[in-house]
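J.: Before we start, here is the structure in question, set down as structure tokens.
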Amino acid sequence: MILTGTGASPGIAIGNAYVLKKQEAALTGLILTDDSAITFEIEKFDTAVNSSLTEINIMIDSYDEDNGSEGLEILETHIELLSDPQIKEDVAQKIAIEKRNVNDAVIAVIADAVAMFKGMDNEYLQARAADVQDIGNRILKNLNITGKTAARIYQRNTIIIAEDLTPSDTISMDITHVIGFATQAGSKTSHAAIIAKSRGIPAVVGCGDTLANIKNNDHLILDGQTGEIIINPDEETIIEYQVKKENWLAETALLKSQKNKAAITTDGTLVQLFANIANADDMEHAHSFGAEGSGLLRTELLFMGRDSLPTEEEQFTFYKAVALKAKGKPVVVRTLDIGGDKQFPYFNFPAEQNPFLGYRAIRICLDRTDIFITQLKAILRASAFGKLKIMFPMIANVQEIRAAKVILNQAMEELDKAGIGFDKTIRIGIMIEIPSAAITADLLAKEVDFFSIGTNDLCQYTLAVDRMNEKVKTLYDPYNPAVLRLISYVIDEANKNNIEVGMCGELASDPDATLLLLGMGLKEFSMSATSIPHIKNTIIQSDMEFAKQVKQRVMAMDNSIAIAAYLKEVNK
Ligand code: PEP
Ligand code: MG
């Protein structure tokens, strides 16, 4: 049997399935030692319940009555269960009296309630056990403490099958045992997929419900390029894919061997290739793929998988390690880009109907200037140890840049006063990932030293398509003329204003798009390290005159299907 999803991270994995059950939560066993933590844990519970109620109410409001009334009744039961004061009382007791944290308290209370319902004589009431478990899972999900795949020990050659994975699941995956994964949800540009690519883990995402056909220990072939998953293949197919896998590895090794070769087009235009990284290890790993530094350090991953905000000292140590590993090459340090799909339990994110349009990234930093200035000071201090640049994410207008620079100046003054050294000529840039920023690139260019085009978000916001939602994945299309026009305009304006412009979204690693982007005048590409050799190989076979013709042809086309077909053709 063959299933098809979206190929999100290339490579072939041949191994055995491990099906991660929905929202498995693990007991932490932590005991609260400080009384002030009790109120905090209870507040976290209330917030998670409120988020759960909001989610269910949205489901009720959008419920299609044509599907029958049963679904609606179940949702209404869930509202009742969530509003039951007994659950809150039991959880609060476990927190206040037994000093358990909210995670463990919820798991224990839900387990007791499930057992109680299961033990009842009445069949109807017995069935309520599943509903209690369901709301428990929802609360745990909203506490953001479920799916702890990282802590699990897997057998060798495991392919994880999951509803969805968080970015931190993917970053902490033990790749000596886990050789690939497939998810029901997600898209190529979900953070779990991006991290898989940078770690070289083959992945298929957005498989939808068909993934339920895979059972534990099924033998699988997963092709992260085509998005195919073959369940229990015959011997002949296994041999065929083993050969494919070896060819892929050999091609990557061959391309990697050219790591010291510059990325120069046939007519002598020099292009710079950088790596998107999450930490110092990634920076080190990136050199072996020929990266000329990093065009994007996603700092938010430092804030994930822990219990509290990292201190200035911890952050300084982290950024300094990256700066040193870059060995004098530039690293663009992006300030905190949290919210949306990047959440963590100790930061009380408000419940929002549209988190991707809400309280995130620079908006949080300009509100929580305490967090922002701590990060800026840590980055500045680390700039004394390498060539760091600072980049602000999710900029929508000029005021935000100016406000961010005021705080940056304050951080510089504080360091100056304390006699702490930093790079006073540090370059400041912004992500162009919101259409308003792209359209006003001429205005924003006057404020900064560089732009980096974030096509992942630019595409989602331009086309009004959630980058995480598998239902609308065919609409998520960076070849849409609207997206391409914005990209081309941003590059033109950066070049006119003599500021640097790069691209760090996933489009930078699409070999079919390379010629087009060169033709638009892009000369800095940043991507998962594993993609660098492949893009370099495309660049060294490209001719700038031809690239400009390709750009002209593409910009005259009116739809992405024709553009995709044309780009495939010219890249043959
Ligand atoms: C982007 O939006 O293109 C980008 C690079 O940022 P992130 O994927 O981290 O949102
Ligand atoms: Mg982004």
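Read-outs throughout are calculated quantities, based only on the coordinates presented, and are distinct from any laboratory measurement. Quick caveat, the model's predicted, so the values are computed rather than measured. Note that we place each Cβ from the backbone using ideal geometry, even for glycine, and neighbour counts take in every protein chain shown.
J.: Contour minus end-to-end for ASN232 and MET59, with contour as 0.36 nm per residue of separation and end-to-end as the Cα-Cα distance?
T.: This chain segment gains 58.6 nm when fully extended.
J.: How would you rank SER36, SER452, going from fewest to most other Cβ atoms within 10 Å of each one's own Cβ?
T.: By the 10 Å Cβ count, ascending: SER36, SER452.
J.: Right, something else. What dipole magnitude, in Debye to the nearest 20, does the chain give about its Cα centre under +1 on Lys/Arg Cβ and -1 on Asp/Glu Cβ?
T.: The calculation lands at about 2640 debye.
J.: Over segment 1-236, what is the relative contact order in whole percent, taking alpha-carbon pairs under 8 Å and six or more residues apart?
T.: With pairs under 8 Å counted, the relative contact order is 40 percent.
J.: While we're on this one: Which of the residue pairs LYS244/LYS568; LYS325/LYS387; LYS377/LYS424; LYS342/LYS523; LYS320/LYS387 have a Cα-Cα distance greater than 18 Å in the structure shown?
T.: LYS244/LYS568; LYS342/LYS523
J.: Determine, for GLU73, GLU433, the number of other Cβ atoms within 10 Å of each Cβ, and report the residues in order from fewest to most.
T.: GLU73, GLU433
J.: In µm²/s, what is D for the chain at 20 °C and 1.002 mPa s, where D = kT/(6 pi eta Rh) by Stokes-Einstein and Rh is the Kirkwood radius from Cα pairs?
T.: Result for D is 85 µm²/s.
J.: Further question on the same structure: For LYS417, LYS118, what ranking results if the residue with the fewest other Cβ atoms within 10 Å of its Cβ goes first?
T.: Sorted ascending by nearby Cβ count, the order is LYS417, LYS118.
J.: Once you put a point 7 Å from the Cα of TYR346 and another 7 Å from the Cα of ILE31, both along the Cβ direction, what distance in nm separates them?
T.: Distance between label points: 2.1 nm.
J.: Indicate, rounded to the nearest 5 percent, the antiparallel portion of the DSSP beta bridges found entirely in the chain.
T.: Bridges in the chain that DSSP calls antiparallel: roughly 35 percent.
J.: Go from 0 up to the bin containing the longest alpha carbon distance in segment 1-236, width 10 Å each, and give me the % of pairs per bin.
T.: With 10 Å bins starting at 0, P(r) equals 8, 27, 28, 26, 11, 1, 0.
J.: So how long is each side of segment 532-572 along the principal axes, counting just the alpha-carbon atoms, biggest first, in Å?
T.: Reported extents, whole Å, longest axis first: 31, 20, 15.
J.: Now for a separate question. Could you pull out every whole DSSP H run in the chain that spans at least 18 Å of Cα extent along its own axis and averages 0.0 or higher on the Kyte-Doolittle scale?
T.: Those that pass (Cα extent of 18 Å or more, hydropathy at least 0.0) are 35-61, 70-83, 102-118, 369-382, 481-496.
J.: I would also like to ask the following. Rg and Dmax of segment 256-570, Cα atoms, in Å?
T.: 19.2, 60
J.: With unit charges on the beta carbon (Lys/Arg positive, Asp/Glu negative), name the residue among TYR566, ALA286, ILE434 whose Cα is farthest towards the positive pole of the charge dipole of the chain.
T.: ALA286
J.: Taking 45 Å as R0, compute the FRET efficiency from the Cβ-Cβ separation of ALA250 and MET1 and round it to 0.05.
T.: 0.95
J.: Say the dipole of segment 262-387 comes from +1 at the beta carbon of Lys and Arg and -1 at that of Asp and Glu; which of PHE347, TYR319, SER383 then lies farthest toward its positive end?
T.: Projecting each Cα onto the dipole axis, the largest value belongs to SER383.
J.: List the lysines whose Cα lies under 19 Å from the Cα of LYS99, skipping any in the same chain that are fewer than 8 positions away.
T.: Correct list for LYS99: LYS44, LYS88.
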